[in-house]
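Bear in mind that the values in this text are calculations on the coordinates, not laboratory data. Not measured: the values here are computed from a predicted model. Here the Cβ is made from the backbone with ideal geometry for all residues, glycine too, and neighbour counts use every protein chain on show.
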Amino acid sequence: HTLAARPAAPITAVAISACGNFAFLGSAIGAIDKYNLQSGKPRAAAAAEERHEGAVRGLAAAADGRTLFSCGGDGTLRLWAPAALKLQSTADVGCACGMLRHKRDSTLVALAADDLSVRVMDAVALRLVRRLEGHTNTLTDVAWGADARWVLSSALDCTLRVVDVPSGALIGW
């Protein structure tokens, strides 16, 4: 199947549901679409008034299937009910985000911000937990450690930073 954004626009972020049955597509115009992966048929689309203003830059599906996370160039983290792609809540991140990573067995999301920081947010409370700084060039990736205590980030400054989230301490680079 070939999946496309509706209305037509470049795809800027993708995610697959934890069950593996659905694909979520984020586009350059802020739209999010849901497709069945077996049939290739569209199943839901975010309402125009609920879309990101600008590109969707990160998508992640929660393990329980009850939440889809998105972040965008508009500096917001949005939580969606994935069944019908209905917006549940929005949090201001304070800066445009380049990518989003969710640790499936926690409520935390890590956002690679355009200001070169990694912002760890509690997606349930919609609050900033940690702002991790230190990179001097564009972030290229963010990852969670197996137990959701560590966040790893890499950047074009040729560094990899490992931070203990509970303490905020840099433990490796």
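Once the mean 1/r over all distinct Cα pairs of segment 65-161 is inverted, what Kirkwood radius in angstroms do you read off?
After inverting the mean inverse Cα-Cα distance, the result is 13.5 Å.
List every residue whose amide H lies under 5 Å from the amide H of Ser27, counting only residues 5 or more places away in sequence or on a different chain, with H placed 1.01 Å from N in the peptide plane.
Here Thr12, Val56 satisfy the definition.
Please compute the volume of the convex hull spanned by the alpha-carbon atoms of segment 115-168 and report it per residue in Å³.
With only Cα atoms used, segment 115-168 gives 78 Å³ per residue.
So in the chain, which Cys have no other cysteine's beta-carbon sitting under 4.7 angstrom from theirs?
So far as the 4.7 Å Cβ criterion goes, Cys19, Cys95, Cys158 stand without a partner in the chain.
If we count every other residue with Cβ under 10 angstrom of Leu87's Cβ, Lys/Arg +1 and Asp/Glu -1, where does the sum land?
Local net charge: +1.
If the reach is capped at under 21 angstrom between alpha carbons, list the lysines near Lys86, excluding any in the same chain fewer than eight residues apart.
Lys34, Lys41
What does the charge add up to near Leu170, with Lys and Arg as +1, Asp and Glu as -1, over the other residues with Cβ less than 15 Å from its Cβ?
Spelling it out: positives minus negatives among the neighbours equals +1.
Using alpha carbons only, how many angstrom separate the centre of segment 1-24 from the centre of segment 88-114?
Using only Cα atoms, the two centres lie 19 Å from each other.
Tell me which residues come under 5 Å, amide H to amide H, from Ala155 once H is placed; ignore anything under 5 positions away on its chain.
Here Thr140 satisfy the definition.
When the Karplus curve 6.51 cos²θ - 1.76 cosθ + 1.60 is applied with θ = phi - 60°, which whole-Hz ³J(HN,Hα) does each residue of segment 134-142 get, with x for Gly and Pro?
x, 6, 10, 8, 3, 5, 10, 6, 9
Report the semi-axes of the equivalent ellipsoid for segment 13-104 in whole Å, largest first, where each axis is √(5λ) for an eigenvalue λ of the Cα gyration tensor.
20, 14, 11
Expressed as a rounded percentage, what relative contact order does the chain have, with Cα pairs under 8 Å and six or more residues apart?
12
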